[in-house]
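The next block holds one structure in the form of structure tokens; read it before the comments.
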Amino acid sequence: MLSSKLPHIGTTIFTVMSRMATEEGAINLSQGFPGFGADPVLLEMASKYIKEGYNQYPPMAGIVGLRQKLAEKTQLTQGYFPDYETEVTIVSGATEAIYAAVSAVIRLGDEVIVLEPAYDSYEPAITLNGGVPIYVALNSGDFSVDWEKVKAAITLKTRMIMVNSPHNPSGYVWSKDDVDRLAELIRDRDIFVVSDEVYEHITFDGKKHHSIGAHSELREKTFVCGSFGKTFHVTGWKIGYCLAPPNLTLEFRKIHQYLTFTTVTPIQYALAEYLEVPERYLSIPNFYQKKRDLFAKGLAETALKFIPSNGSFFQLASYGHLSQIGDRELAERMTRKLKVACIPISVFYSDRRDDKIIRFCFAKNDSELLEGLERIKKLSEIL
């Protein structure tokens, strides 16, 4: 009889809700993937490299051209230039980057601080490597970090802290002060950082994304995990990257080469060419802010309460003033009766804490968003 290494984990809520949305013919505002296509220019580039025969194994760390362009993008947006030979690795999605980073550092019994609500891939990466997740709740309301709680959670066994900005599910964007506070906390400690920055280009209202890697002190201890798929609306391509100092990259690549070894070749060449025009990623915040604003305007006409998201392509909304129904039950009821799928926030907490909050993904076509909002206006009819 097989004994599961992850006995308490089943199919992710994202898969469950997307499948239910399909079965019910609902508008899918649950799983975090764009409901629209990528730039035709990028698609044409990918097609070109496939047809030209760029279809064999690339270098394990990624093609030089893409690593170099990524380093240049980092210089332009974050003010530092990682060495593309020793500090930049292309991987098959940010989830792989996160797992490989955790695996490179964590040993049996090591503690890893996780700020929750947290994305669901963090805990399995820790557990499978023999680590112990230590959960610290973000502040209620705005989901900012309570640094005193983080400080109190650090022990002699703490080996890593996992952070995420812009934050999924809340959209909170770290300030420079947040980054400085993190640096202060681990300054004299042998603690590493995994920084999930997949929504780095999706910030609103003039807020700047402060990469942990841009902090000169933290850079020496940090694995920055990013995603081309999130930035360029091609999540199905599963292509991301990890930026880390040479000593960490060396260990990271040892793990990476036995997870996926490398990442699809023609897509790497296409992205390297696409990154030659910075406006293609510098324009992303404005693109998504229009969708955030459209969705927030419509949501204000419903019975739900919310604070406009600061980043990512997610919007939280609370309903506790309307009903005490469980958030998962509400999400399922909305999918079946209103034909709008969302995500219950309790799944992002280790103890399934239910604060009566649901998450919507607004990375969809405007017509879908408008129709979804019209249906959400009828929420009181199903409570």
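The values are calculated or read from the model by the stated rules, or taken from the named source; none is laboratory data. Predicted, not measured: the structure shown is a model, and the values here were computed from it. Glycine also receives a Cβ, built like all others from the backbone with ideal geometry; neighbour counts cover every protein chain displayed.
Brief remarks follow.
- Search result, residues across the range 104-153 that are of a type in the set (Gly, Ala, Ser), in contact with a Phe, Trp or Tyr (Cβ under 7 Å, 6 or more places away or on another chain) and more than 22 Å from residue 172 (Cα to Cα): 104, 125
- Scan the range 287-308 for residues that are over 13 Å from residue 374 (Cβ atoms) and touching a Phe, Trp or Tyr at 6+ places or on another chain (Cβ under 7 Å) and the total you get is 5.
- Residue 202 being hydrophobic (A, V, I, L, M, F, W, C) and within 22 Å of residue 248 (Cβ to Cβ): no
- So residue 352, is it touching a helix residue (DSSP H, G or I) at 6+ places or on another chain (Cβ under 6 Å) and part of a loop (DSSP other than H, G, I, E, B): yes
- All conditions in (1) surrounded by 20 or more Cβ atoms within 10 Å (Cβ to Cβ); (2) of a type outside the set (Val, Ile, Thr); (3) in contact with a Ser or Thr (Cβ under 8 Å, 6 or more places away or on another chain); (4) at pLDDT 95 or above hold for residue 42, with the sole exception of (3).
- Residues of the range 202-222 satisfying the condition of being among the β-branched types (Val, Ile, Thr) and closer than 12 Å to residue 80 by Cα: 212
- Matching residues, the range 192-221, being under 17 Å from residue 75 (Cβ atoms) and either touching a Gly at 6+ places or on another chain (Cβ under 6 Å) or not polar (S, T, N, Q) (or both): 197, 200, 201, 208, 209, 210, 212, 213, 214, 215, 219
- Residue 73 in contact with a Leu (Cβ under 7 Å, 6 or more places away or on another chain) and either aliphatic (A, V, I, L, M) or not assigned by TED's automatic domain parsing to the domain that holds residue 229 (or both): no
- The single residue among 86, 74 that is closer than 27 Å to residue 263 by Cβ, surrounded by fewer than 19 Cβ atoms within 10 Å (Cβ to Cβ) and at pLDDT 95 or above turns out to be 86.
- Any chance residue 82 is out of contact with any helix residue (DSSP H, G or I) (no Cβ under 8 Å at 6 or more places or on another chain) and assigned by TED's automatic domain parsing to the domain that holds residue 157: no
- Residue check, residue 181 closer than 26 Å to residue 110 by Cα, touching a helix residue (DSSP H, G or I) at 6+ places or on another chain (Cβ under 6 Å) and surrounded by fewer than 20 Cβ atoms within 10 Å (Cβ to Cβ): yes
- Some residue of the range 318-328 being aliphatic (A, V, I, L, M), in contact (Cβ under 8 Å) with a residue 40 or more places away in the chain and either touching a strand residue (DSSP E or B) at 6+ places or on another chain (Cβ under 7 Å) or more than 21 Å from residue 17 (Cβ to Cβ) (or both): no
- Selection of first residues in the range 330-351 that are farther than 15 Å from residue 383 by Cα and of second residues that are among the aromatic types (Phe, Trp, Tyr) and modelled with pLDDT of 95 or more, restricted to Cβ pairs under 6 Å at least 6 apart or on distinct chains, gives the following pairs, ordered by first then second residue: 342/360; 350/135.
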